[in-house]
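*Asks:* One structure coming up, written as structure tokens, with questions to follow.
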């Protein structure tokens, strides 16, 4: 039997939309999934790139967050550059930040460089903070 998964949309479109997409019937109630989504985003926003004064969520370093029915939260993320001096540490920071979210049983962080990060992935909030707007 195939596990059902809930995809948490960490980069929602400009128009208001549900904060999570589902790939089928989930055992996690919609209200709880909405709360977990908000808590995960809030937790991700506590992790900062040490060289840029903006959190990794607003920088656009989080590509995908997946919560399965066993409540394993899988985060696909990238770095601003493959040679980032904290490349070995940042996945642990992300894992530690989201591990405390109520309703999440386990966490796995995957590092990817596809597609490569570009400044266009930053939110307007990040661009404003960096003086790019």
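*Asks:* Applying the selection to the range 86-108, what residues are over 19 Å from residue 40 (Cα atoms) and either surrounded by 12 or more Cβ atoms within 10 Å (Cβ to Cβ) or in contact (Cβ under 8 Å) with a residue 12 or more places away in the chain (or both)?
*Replies:* 86, 87
*Asks:* Turning to a different aspect of this structure: Name the one entry in 122, 111 that is within 16 Å of residue 41 (Cα to Cα), surrounded by 15 or more Cβ atoms within 10 Å (Cβ to Cβ) and within 15 Å of the chain's Cα centre (by Cα).
*Replies:* It is 122.
*Asks:* Here is a list: 86, 107, 101, 54. Which entry is touching a strand residue (DSSP E or B) at 6+ places or on another chain (Cβ under 6 Å) and either closer than 24 Å to residue 130 by Cα or modelled with pLDDT of 95 or more (or both)?
*Replies:* 107
*Asks:* Listed residues 23, 80, 74; which is more than 20 Å from residue 126 (Cα to Cα) and at pLDDT below 95?
*Replies:* Working: 80 fails: more than 20 Å from residue 126 (Cα to Cα); 74 fails: at pLDDT below 95.
So the residue among 23, 80, 74 that is more than 20 Å from residue 126 (Cα to Cα) and at pLDDT below 95 is 23.
*Asks:* Same structure again: Could you check how many residues of the range 58-99 are assigned to a loop (DSSP other than H, G, I, E, B), touching a helix residue (DSSP H, G or I) at 6+ places or on another chain (Cβ under 7 Å) and under 23 Å from residue 34 (Cα atoms)?
*Replies:* Final tally of qualifying residues: 1.
*Asks:* Taking residue 1 as meeting all but one of (1) at pLDDT 90 or above; (2) assigned to a loop (DSSP other than H, G, I, E, B); (3) more than 25 Å from residue 131 (Cα to Cα), write down the number of the exception.
*Replies:* Every condition holds for residue 1 apart from (1).
*Asks:* Please determine, by comparing only the residues of the range 28-51 that are part of a helix (DSSP H, G or I) and out of contact with any strand residue (DSSP E or B) (no Cβ under 9 Å at 6 or more places or on another chain), which one is nearest to residue 90 (Cα to Cα).
*Replies:* 43
The values are calculated or read from the model by the stated rules, or taken from the named source; none is laboratory data. Remember, predicted model here, so these are calculated numbers, not experimental data. With ideal geometry, Cβ positions are generated from the backbone for all residues, glycine too; neighbour counts draw on all protein chains shown.
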